[in-house]
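*Asks:* I'd like to ask you about the structure that follows.
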Amino acid sequence: LVSDTEIELTATTIDINGAAIFDSDVTIGTGDIVFSTAGKGICLGVTSNTDANTLDDYEEGTWTPQQDSAGTDFGATPAGKYIKIGGKVDVWFDVTNWDSDDANIYNLPFTSINNTPAGSCDISYNGVDSDTMGRIDANTTKIILSVGTGQPTVNSSSRFIGHATYRA
């Protein structure tokens, strides 16, 4: 123990770049691991640091679902939450009171990858069509709702509660 706020660790090896290599577990008692610069991450289950094996992005928050590309909010307060881990985004939503017949949900928190299909959506409750599903196409911020080969009928009493997973 160096002081009340510092501890001296002895690494098994220090490589040519100054990285400390330990031959045992490292335990953090309190506090967080914070990187001093952006673009850093944690490599899990691998022996080399490659971009494909680095967890470098985690975020969670809220988003505001909208009922059209013009940014029209739903009549009632829409609820939207998301978690983004790396390139995978999970969103949850609860929307009601459609003012238009555009049966899509806009304003996802991140633009989807430029590859179709980028994601899918499950609807756990709705007030109109019980077999409503959704998809997220390439390079977009909207969920396209569908029933069979068409769109569900929406009106002011339509309510959709759902979850979507997509790549951003």
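*Asks:* Does any residue of region 34-41 turn out to be under 28 Å from Phe110 (Cα atoms) and surrounded by 11 or more Cβ atoms within 10 Å (Cβ to Cβ)?
*Replies:* Yes - at least one qualifying residue is present in region 34-41.
*Asks:* Looking at region 54-81, which of the residues that are under 17 Å from Ile123 (Cβ atoms) and in contact with a Pro (Cβ under 6 Å, 6 or more places away or on another chain) is surrounded by the most Cβ atoms within 10 Å (Cβ to Cβ)?
*Replies:* Pro65
*Asks:* When region 42-53 is examined, which residues are found to be open to solvent by 100 Å² or more (accessible area, probe 1.4 Å) and either in contact with a Ser or Thr (Cβ under 9 Å, 6 or more places away or on another chain) or of a type in the set (S, T, N, Q) (or both)?
*Replies:* The answer is Leu44, Thr47, Asn49.
*Asks:* Among the candidates Thr111, Thr140, Thr132, single out the residue that is open to solvent by 50 Å² or more (accessible area, probe 1.4 Å) and among the polar types (S, T, N, Q).
*Replies:* Details: Thr140 fails: open to solvent by 50 Å² or more (accessible area, probe 1.4 Å); Thr132 fails: open to solvent by 50 Å² or more (accessible area, probe 1.4 Å).
Being open to solvent by 50 Å² or more (accessible area, probe 1.4 Å) and among the polar types (S, T, N, Q) holds for just one of Thr111, Thr140, Thr132, which is Thr111.
*Asks:* While we're on this one: Within region 131-164, can you find the residues that are within 18 Å of Thr64 (Cβ to Cβ), of a type in the set (Val, Ile, Thr) and part of a strand (DSSP E or B)?
*Replies:* Ile136, Ile143, Ile161
*Asks:* Given (1) assigned to a strand (DSSP E or B); (2) under 17 Å from the mean Cα position of the chain (by Cα), where does Ser112 come up short, assuming only one miss?
*Replies:* It fails just one condition, (1).
*Asks:* If the requirement is being of a type in the set (D, E, K, R), touching a strand residue (DSSP E or B) at 6+ places or on another chain (Cβ under 9 Å) and open to solvent by less than 90 Å² (accessible area, probe 1.4 Å), which of these qualifies: Asp90, Asp23?
*Replies:* On the way: Asp23 fails: open to solvent by less than 90 Å² (accessible area, probe 1.4 Å).
Going through Asp90, Asp23 in turn, the sole match is Asp90.
The values are calculated or read from the model by the stated rules, or taken from the named source; none is laboratory data. Remember, predicted model here, so these are calculated numbers, not experimental data. Note: ideal-geometry Cβ built from the backbone for every residue, glycine included; neighbour counts use all protein chains shown. Just the protein is used for accessible areas: all its heavy atoms, side chains included, with ligands, DNA and RNA removed. Shrake-Rupley method; radii C 1.70, N 1.55, O 1.52, S 1.80 Å.
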